[in-house]
Amino acid sequence: MNLNDCYNFEDFRKLAKKKLPAPIFHYIDGGADDEVTLNRNTNAFNECDLVPNILNSVGKPDLSITVFGTKINMPLFLSPTAMQSLYHPDGDKASARAAEKYGTIYSMSTMASFSIEEVSNISNGPKIFQLYIHKDQSITDDLIDRCKDANFNGMCITVDTIVAGNRERDHRTGFTTPPKFNLESLISFAMRPKWVFNYFTNKKFELANLKNKTDKGTNIAKSVMEYINEQYDPAMNWKDAEYCIKKWNGPMALKGVMSVEDAKKAIDIGCTSIMISNHGGRQLDGSRSPFDQVKAIRDAVGDKIEIILDGGIRRGTHVLKSLAAGATACSFGKAFLFSLGAGGQQGVEKLLKNMREEIRRNMILMGCKKISELDSSKLIYRK
């Protein structure tokens, strides 16, 4: 199996599983507790149906939208995801270049493998930065200032990770950052010699945006759960978010909004966007899926704020359903990480090409010439 055989999410997942050591693969693949919410994120799309219109002379539909003050070529972009060099040596650089090629947004995690400056130097495409608020405010301030200097287009504050979710797969596999090679994990790593060779012959693994502030996660091996619980501020509140919004003074989203009440508060403190997200089902198991919530939130806030649906996206039809339900755009993480693990930049490009073609084809089948024509009349919920 190779990239040419990858037509959908499951194909990329299967190829990534073949190439990545078990602790790395399951870090992407897993969720919290019983993984009910992880599975619900995608299954929720099956509870409604698209309603097409015919004979609309669609021709070539316009897939472009504007989000974070930036026009992008399709209503789908890469979610911020941590430690991408664990999946491929080129990590964030590969993802940023692929996103630029397809005219969409690359999102950088605070816990990226390459720095704000390194990625900014190799990509002129639109970029946003995902900010975790640390206990040490100087870290937060430093990240905002560096993103300003690097001309990032926007930021999002992740608000659903004040403590780490119970990711039992990571407990079982012993996943840490950087990876620990012990008797328990050696067999899995040894069965992937190409990954091991790349790990030891390429740039040393590090949390590049944080290495000058803390050794944890770079020179001191930590589980992701330990890192989150030690470094992030569990007392984070609305005033902290408002402080960051004012300091950034540009397009800003809260990532992890799931309720109507919080969406309204996000507007009140000056957010331009919200990302409806449950962190890929990796935090509070048993919570609602983003798609479950998007219609209620859009009905409540009207056009006062951009809504990005983040979670469960596998198909172009999932994007169309999200937009019809009220989303401005969608983002996805798990799918593109599997494509990165499967084939680096070429893998991410193949995924984005597949998704763009699915969205384009299904727009024609829906009889829609532009994204704004995807409204509530195009969607019926099953009883």
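Taking amide hydrogens as placed 1.01 Å from N in the peptide plane, the amide H of Lys370 sits under 5 Å from those of Asp62, each at least 5 positions away in sequence or on another chain.
Summary of packing: across the peptides 242-255, 321-334, 141-154, the per-residue average of other C-beta atoms within 10 Å ranks them, highest first, as 321-334, 242-255, 141-154.
Other residues lying with their Cβ under 10 Å from the Cβ of Ala44 contribute a combined charge of +1, Lys and Arg counting +1, Asp and Glu -1. Taken as Cα centroids, segment 62-139 and segment 223-272 sit 18 Å apart, rounded to the nearest whole angstrom. Around Asn278, what is the net charge, scoring Lys/Arg as +1 and Asp/Glu as -1 over all other residues with Cβ under 13 Å from its Cβ? Charge balance in the 13 Å sphere: -2.
Each Lys and Arg adds +1 at its Cβ and each Asp and Glu adds -1 at its Cβ; summed about the Cα centre, the chain shows a dipole of about 1040 debye. Using the alpha-carbon positions of segment 1-77, Rg (one decimal) and Dmax (whole number) come out as 18.0, 51 Å.
Each residue of segment 232-244 was assigned a 3J(HN,Hα) from its phi angle through the Karplus expression (A = 6.51, B = -1.76, C = 1.60, θ = phi - 60°), giving 7, 8, x, 9, 3, 9, 5, 5, 5, 5, 5, 4, 5 Hz with x at Gly and Pro.
Just how far, in whole angstrom, is segment 319-383 from segment 32-57 if you go by their alpha carbon centroids? If you average the Cα positions of each part, the centres end up 11 Å apart. Please compute the net charge surrounding Pro61, taking Lys and Arg as +1 and Asp and Glu as -1 over other residues with Cβ under 14 Å from its Cβ. The answer is +3.
Tell me the chymotrypsin sites (Phe, Trp or Tyr not before Pro) within segment 1-70 that lie in a loop according to DSSP and have at most 13 other beta-carbon atoms within 10 Å. Passing sites in segment 1-70 are Tyr7. Shape descriptor for the chain: Rg over Rh equals 0.95 (Cα atoms; Rh from the Kirkwood inverse mean 1/r). Per residue of the chain, the DSSP helices (runs of n ≥ 4 H) give a summed -39500 (n - 2.57) that works out to -13000 deg cm²/dmol at 222 nm. Between Ile28, Ile157, Ile54, the residue with the greatest mean-square fluctuation in the GNM of the chain (Cα pairs under 10 Å linked by springs) is Ile54.
Here, each number is a calculation from the coordinates, and none is a lab measurement. Just so you know, these numbers come straight off a predicted model, no measurement behind them. Here the Cβ is made from the backbone with ideal geometry for all residues, glycine too, and neighbour counts use every protein chain on show.
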